[in-house]
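The values are calculated or read from the model by the stated rules, or taken from the named source; none is laboratory data. Just so you know, these numbers come straight off a predicted model, no measurement behind them. Glycine also receives a Cβ, built like all others from the backbone with ideal geometry; neighbour counts cover every protein chain displayed. Calculation scope for accessible area: heavy atoms of the full protein, side chains included, ligands and nucleic acids excluded. Shrake-Rupley method; radii C 1.70, N 1.55, O 1.52, S 1.80 Å.
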Amino acid sequence: MLKLISSQPEPSSQQVDQHIADYAPALALCALGVLCGEADYDTLKKTCTEHLHDWWKMSVPAGTPANRYESAYWYLLHLLESLEEHQLLGNHFIQFKVTTTAQFLLGVGEHQKKMQGIRP
């Protein structure tokens, strides 16, 4: 039988926080891996798709993230989703944006004012 995701109860803030804590470092490492040549672009696209799929399964309403960390995660995910391979690998400014956001998510960089994303 078909199960509607929207009929599920809204997850708790702890579940949302745990989801972001689990997925943000993985996304950051994958993005940095592509920039360093240790992972391919298709792997990155698959990772983004899986992250969005797992998020939508939780049935969290769209809107404002709970904190700067979650906001930076959505910023990076949306940025990576919008880029073609040649844009990511051929544009130094894009690479800077991806790198600084990924480093923040990994706890080795500072939060930048422009790292503002929203929940899908």
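The table below lists the values:
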{"item": "Qualifying residue in segment 81-95 (condition: out of contact with any His (no Cβ under 7 Å at 6 or more places or on another chain) and touching a residue at least 60 places away in the same chain (Cβ under 8 Å))", "result": "yes"}
{"item": "Where Ala39 falls short, out of the listed (1) open to solvent by 70 Å² or more (accessible area, probe 1.4 Å); (2) without any contact (Cβ under 8 Å) to a residue 12 or more places away in the chain; (3) among the hydrophobic types (A, V, I, L, M, F, W, C)", "result": "(1)"}
{"item": "Enumeration of residues in segment 16-36 that are surrounded by 12 or more Cβ atoms within 10 Å (Cβ to Cβ) and free of Cβ contacts under 8 Å to residues at least 60 places away in the same chain", "result": "Val16, Asp17, Gln18, His19, Ile20, Ala21, Tyr23, Ala26, Cys30, Gly33, Val34"}
{"item": "Matching residues in segment 1-15 - criterion: being open to solvent by less than 70 Å² (accessible area, probe 1.4 Å) and either modelled with pLDDT of 80 or more or of a type in the set (Phe, Trp, Tyr) (or both)", "result": "Pro11, Ser12"}
